[in-house]
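The values are calculated or read from the model by the stated rules, or taken from the named source; none is laboratory data. Not measured: the values here are computed from a predicted model. When we count neighbours, we look across all protein chains shown, and the Cβ atoms used for this are built from the backbone with ideal geometry, even at glycine. To get the accessible areas, we keep the full protein, side chains included, count just its heavy atoms, and leave off ligands, DNA and RNA. Shrake-Rupley method; radii C 1.70, N 1.55, O 1.52, S 1.80 Å.
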Amino acid sequence: MSSQVKFTDFKSDKQPTWCPGCGDFGTMNGMMKALAETGNDPDNTFVVAGIGCSGKIGTYMHSYAIHGVHGRALPVGAGVKMANPDLEVMVAGGDGDGYSIGAGHFVHAVRRNVDMSYVVMDNRIYGLTKGQASPTSREDFETATTPDGPQQPPVNPLALALASGATFIAQSFSSDALRHQEIVRKAIEHDGFGFVNVFSPCVTFNDVDTYDYFRDSLVDLQETDYDPHDREAAKEKVLDADKEYMGVLYQDEESVPYEETHGLDSSMADIDDSGAPEGAMDLVREFY
Amino acid sequence: MPADFNWAIGGEAGDGIDSTGKIFAQALSRAGRHVFTSKDFASRIRGGYTAYKVRTSTEKVRSVVDRLDVLVALTPRTIEENLDELHEGSIIIYDGERTTMQDVEIPEGMIGLDVPLKSLAEDAGGAIMANVVALGAACEAADFDIEHLDSSLKKRFSDKGTALVENNKQAARLGQEHVQEHYADADLDYDLDTTDNDYVLLNGDEAIGMGAIAAGCKYYAGYPITPATDVMTYLKGRIENFGGHVVQAEDELAAINLALGAARAGARSMTATSGPGIDLMTETFGLVATSETPLVICDVMRSGPSTGMPTKQEQGDLNMMLYGGHGEIPRFVLAPTSVEECFWKTVEAFNLAEKYQTPVYLASDLAMAVTEQTFEPDAFDMDAVEIDRGKVVDEETIGEHQTESGGFKPHEITDDGISPRAFPGTEGGAHMSTGLEHDEQGRRTEDTEMRIEQVDKRNRKVETAREREDFSPREFGDADADNLIVTWGSNEGTLVEALEFLEEDGVDVRILSVPYLFPRPDLTEEFEAAEEVVVVECNATGQFADVLEHDTLQRVKRVNKYNGVQFKADELANEITEALAAGEGQEVQA
């Protein structure tokens, strides 16, 4: 089936209710195209979505999917992949979902290194609750709940990932369609946890981190001689306070995914339904 | 009462109390004696009083009693803590050379056996074997064939080399000989018969883990918490041999979400925790139920609220399991009533979860989790395990559950409330699940009619279960008695033993032990037939008594215990007698 899969096969018949011009349209298109390009089809793909505008993605895509509770999408995705390593698992969420309520899970998902991809639609604001500061909002970003700005530094997701032992760290921009698709594809193809922070502008509530801002300021690493396999270089880039980068910031080509380390190679959905598994009586004998 | 024998070893945490106790319990079990063990322990790694108690008989034993025949006391506090249970003629084994035990006084009427545990252990090859010297002395005191101890020592130490096994055997012999030489005249009139029976000895957490593997569970995610951790410890290293996997998650929130993910992928999946962990999991519990995901969640209860008393017994989470979570959510709540039932109810929990596509709470408790009990091996007859995966569709049958445009309907409105289930990878089955209210295809909706249809559909599963499943209580005692005693969970064994005390006092009772807490059996007829109804449970407010009053529209009497210690048979018999004699509305608290 995969040879005939078009990216539109990943589209559901629900029309997105995102605001016109929302960055999430481009983010989602790139995800669907990358999934099709890597030979996946909706029946072997599992998408886990978080809560918020970004979390609606599971409804607008067509695949096996679950829309989880706030901040907990990553452990759900890991559970799916461990139980059936044949599935292509993609987790999607926003900056609030991933770096605020889900920050603890993020750190542990990174170090667990399950072979799945994690796409965070980072618009640096809470959109669905109508414009409050998010963990990636700038220190002076004024909102109704932070009239003087959050007055605390934003979370640096790339640095957090690197410090937690990430094997793949990338950043993309939803409006740069070709480059975004390419970066998501690389995250899917990576053997391990493929993390992509996507600048996905909120046109309704964020008038600072706009399309124009990212278009003018992002440095495309692919147009430089940057080597994404150099962890020291990655350290410098993710901690650079003056510039923001697009592209793969770090990839460990030696990465061995969790499933391989733990010998998970077949679907746990298949169980012998005729009774207890063969050899189960040995479990009783152990207690003599 | 069967002529039973009660033994304990007590000291400070870190003294090897647990492993020594277990070696003795296994020796008794291997000698064909029934064993029931219990533990007193505090929530600390080293120091503090801790004890391992063994009750043994040639007949089945189901509870602890207030009696100690032989006590190995490693600290003076061990004697103080057990003074109420020691009696005239009780034997206390202690090491008078130990600094803290030099001035110890053996209570009047009791027999002190001063055995230089440490120095005899050194003679046998190492001070670390002091407790084994005490076991040898205990064998002599109880006239128990020391060769059974050898077999237990071999099981415990054989993977560390034959030399160590031999040294331990020697240490036990030195303890035995010391008692023979120095206390030849003492009145040690215990006599532990052996039988040819083969028993297995295990605790509730182990039985739950074994039940999970037997039921085809392949995925377990958990976070360490007393007293549920042993479920994870049991599964780790065993479930892998059956194609399964254990994950120690970063927290309980992750644990239940990992388990949910695995269940969505089609695995039989489970998590276990204790009260504080259930609090954290409740958020995702609602999603599990609304997305109609089969999942087994085991709550090994301990004293609450908040962090409460982590190493003490309570059955305080019933309301949490029955009602926890916002909104209205169908679920099953099963309560095993013994270590053996921990196994069978776990198997059943997986079947119910998949047949009805709901979360299932397995309500165990500390008393069962840490209690080791002997059973005939065929109590865990693997050939009797049945597996029912419910309405799973495949590529051939999926067409019957699709919309005209080919969309799969994981929440199809059906007469029995149960919808088809397609595992990921099934062609044509791709679908969305969500905690948002959804239509038949799982897509978000706020349509008022669909909302009602989906709520009714989910609730209809409970009615279907009532029609298809047998939720009968377990019955003991005199079926025609006017006094009806009702209980749930781990109290069953104690209550059955209390029967003998009640009979001695001429009090006839009928006992119903209820393993299905939701949906639960309708006990209206039984209540109406009884003159007095007493509900026994280990909590302060009588949570189960409340729901039974609600169900039957009849007031009940209550016996509650919430000091952190499980009921004892003789004590419970007294409480019941008192409750039966008390006037309407009076409560009895143990």
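To the nearest whole number, what is the average tally of beta carbon atoms from other chains within 10 Å of the beta carbons of peptide A:54-61? Numbers along the way, then the final one.
Values: counts 0, 2, 3, 0, 6, 7, 1, 2.
Neighbouring Cβ atoms belonging to other protein chains average 3 per residue here.
How many Å² of accessible area per residue for chain A, probe 1.4 Å?
Details: 11570 Å² over 288 residues.
I get 40 Å² per residue for chain A.
Net charge near B:Asp365: determine it from the other residues with C-beta under 9 Å of the C-beta of B:Asp365, scoring Lys and Arg +1 and Asp and Glu -1.
On the way: positive: B:Arg302; negative: B:Asp299, B:Glu314, B:Asp317.
With Lys, Arg at +1 and Asp, Glu at -1, the net is -2.
Can you tell me which of B:88-95, A:95-102, A:261-268, B:359-366 comes out highest on packing, and rank the rest after it, using the mean Cβ neighbours within 10 Å?
Result, highest mean first: B:359-366, A:95-102, B:88-95, A:261-268.
Sorted from largest down, give the three principal axis spans of the alpha carbons of the protein assembly as shown, whole angstrom values.
98, 66, 55
Counting only heavy atoms of the protein chains, get the accessible area per residue of the range B:1-94 (1.4 Å probe) and round it to a whole Å² value.
Details: 3100 Å² over 94 residues.
Here the per-residue accessible area is 33 Å².
Can you give the local net charge around A:His229? Use residues other than it whose beta-carbon is closer than 9 angstrom to its beta-carbon, Lys and Arg +1, Asp and Glu -1. Intermediate values should be presented prior to the final figure.
On the way: positive: A:Arg231; negative: A:Asp227, A:Asp230, A:Asp252, A:Glu253.
Result for the neighbourhood of A:His229: -3.
Carbon and sulfur atoms: what percent of the 1.4 Å accessible area of the protein assembly as shown do they account for? All intermediate terms of the calculation are to be shown ahead of the outcome.
Values: 14560 of 33280 Å².
Using a 1.4 Å probe with all protein chains present, the protein assembly as shown comes out at 44 percent carbon and sulfur.
Compute the Cα gyration tensor for the range A:1-151, then decide on rounded, prolate or oblate, letting a ≥ b ≥ c be the square roots of its eigenvalues: rounded whenever a/c is under 1.5, prolate when a/b is larger than b/c in the other cases, and oblate in all that remain. Show your work: numbers first, answer last.
Details: a/c = 2.60, a/b = 1.54, b/c = 1.69.
Cα axes put the range A:1-151 in the oblate bin.
Please list the non-local residues whose amide H lies under 5 Å from the amide H of A:Gly194, H modeled 1.01 Å from N, same-chain partners needing a gap of 5 or more.
Answer set, sorted by chain and number: A:Met116, A:Ser117, A:Tyr118.
Taking the Cα centre of the range B:66-120 as the origin and placing charges on Cβ (Lys, Arg +1; Asp, Glu -1), which of B:Gly96, B:Leu71, B:Ser119 is farthest toward the positive end of the dipole?
Working it through, the farthest residue towards the positive pole turns out to be B:Ser119.
Return one number: the angle in degrees, 0 to 90 and rounded to the nearest 10, between the long axis of the Cα atoms of helix A:177-189 and the longest principal axis of the Cα atoms of chain A.
For A:177-189 against chain A, the angle is about 30 degrees.
Less than 12 Å Cβ to Cβ from B:Glu376, Lys/Arg counted +1 and Asp/Glu -1: what total charge do the surrounding residues give?
Values: positive: B:Lys60; negative: B:Asp198, B:Glu340, B:Asp378, B:Asp381.
Local charge sum for B:Glu376: -3.
Using r as the Cβ-Cβ distance of B:Thr524 and B:Asp416, and R0 as 25 Å, what FRET efficiency do you calculate, to the nearest 0.05? Mind dumping the intermediate values first?
Numbers: r = 25 Å, r/R0 = 1.01.
Plugging the Cβ-Cβ distance into 1/(1 + (r/R0)^6) gives 0.50.
Would you kindly derive the ³J(HN,Hα) couplings of the range B:67-73 from the backbone phi angles with the Karplus curve 6.51 cos²θ - 1.76 cosθ + 1.60 (θ = phi - 60°), listing them in order in whole Hz, with x for Gly and Pro?
Per residue, the Karplus-derived 3J(HN,Hα) values read 7, 10, 8, 10, 10, 8, 9 Hz.
With 23 Å as the limit, write out which pairs from A:Lys56/A:Lys81; A:Lys186/A:Lys235; B:Lys154/B:Lys345; B:Lys236/B:Lys312; A:Lys6/B:Lys391; B:Lys118/B:Lys160 have Cα-Cα distances beyond it, or answer none. Write out the running numbers ahead of the final one.
Numbers: A:Lys56/A:Lys81 21 Å; A:Lys186/A:Lys235 20 Å; B:Lys154/B:Lys345 33 Å; B:Lys236/B:Lys312 25 Å; A:Lys6/B:Lys391 31 Å; B:Lys118/B:Lys160 21 Å.
Going by Cα-Cα distance, B:Lys154/B:Lys345; B:Lys236/B:Lys312; A:Lys6/B:Lys391 fall outside the 23 Å limit.
Against the longest principal axis of chain B, how steep is helix B:252-264, in degrees 0 to 90 to the nearest 10, with axes from Cα atoms?
On a 0 to 90 degree scale, this one is about 50.
What's the angle, to the nearest 10 degrees (0 to 90), between helix A:23-37's Cα axis and the longest principal axis of chain A?
40
Sorting check: for A:61-69, B:524-532, which peptide has the highest mean count of neighbouring beta carbons within 10 Å, and how do the rest follow? Kindly include the intermediate steps, with their values, before the conclusion.
On the way: A:61-69: 26.7, B:524-532: 14.8.
Per-residue mean Cβ counts within 10 Å order the peptides as A:61-69, B:524-532.
With a 1.4 Å probe, how much accessible area is buried between chains A and B, both sides summed, in Å² to the nearest hundred? Walk me through the intermediate numbers first.
Working: alone 14110 and 24030 Å², together 33280 Å².
So the buried area, both faces added, is about 4900 Å².
How about the range A:6-43: which trypsin sites (Lys or Arg not before Pro) there lie in a loop by DSSP and see at most 12 other Cβ atoms within 10 Å?
Numbers: sites: A:Lys6, A:Lys11, A:Lys14, A:Lys33; in loops: A:Lys6, A:Lys14.
Those satisfying the criteria are A:Lys6.
Leaving ligands, DNA and RNA out of it, rank B:Tyr183, B:Tyr234 by accessible area with a 1.4 Å probe, largest first.
Working: B:Tyr183 50, B:Tyr234 10 Å².
Per-residue accessible area, sorted high to low, gives B:Tyr183, B:Tyr234.
Go ahead and run the numbers for FRET between B:Asp394 and B:His550, Cβ-Cβ distance against an R0 of 41 Å, rounding to 0.05. It would help to have the intermediate numbers written out before the result.
Working: r = 43 Å, r/R0 = 1.05.
Efficiency, rounded to the nearest 0.05: 0.45.
Give me the extension gain from B:Arg77 to B:Asp185: residue separation times 0.36 nm, minus the current Cα-Cα distance, reported in nm with one decimal. Before the final figure, lay out the partial values.
Numbers: separation 108, 0.36 × 108 = 38.88 nm, distance 2.78 nm.
My answer for the length gained is 36.1 nm.
What accessible area per residue comes out for the range B:435-494, rounded to a whole number of Å², with a 1.4 Å probe? Before the final figure, lay out the partial values.
Numbers: 2940 Å² over 60 residues.
Each residue of the range B:435-494 exposes 49 Å² on average to a 1.4 Å probe.
Across the residues of B:263-272, average count of Cβ atoms on other protein chains within 10 Å?
Other-chain Cβ atoms within 10 Å of each residue's Cβ, averaged: 6.
Please average, across the residues of B:419-432, the number of beta carbons from any other chain that are within 10 Å of each residue's own beta carbon, and give a whole number. Don't skip to the answer; put the middle values down first.
Working: counts 0, 0, 0, 2, 7, 16, 10, 4, 5, 2, 3, 15, 7, 14.
That works out to 6 on average.
Go ahead and run the numbers for FRET between B:Ser43 and B:Ala127, Cβ-Cβ distance against an R0 of 30 Å, rounding to 0.05. Can you show the working numbers first?
On the way: r = 28 Å, r/R0 = 0.93.
With R0 = 30 Å, the Cβ-Cβ based efficiency is 0.60.
Assuming 0.36 nm per residue, please report the length gained on full extension of the stretch B:Asp196 to B:Ala163 beyond their Cα-Cα distance.
Values: separation 33, 0.36 × 33 = 11.88 nm, distance 2.91 nm.
Net length gain for the segment: 9.0 nm.
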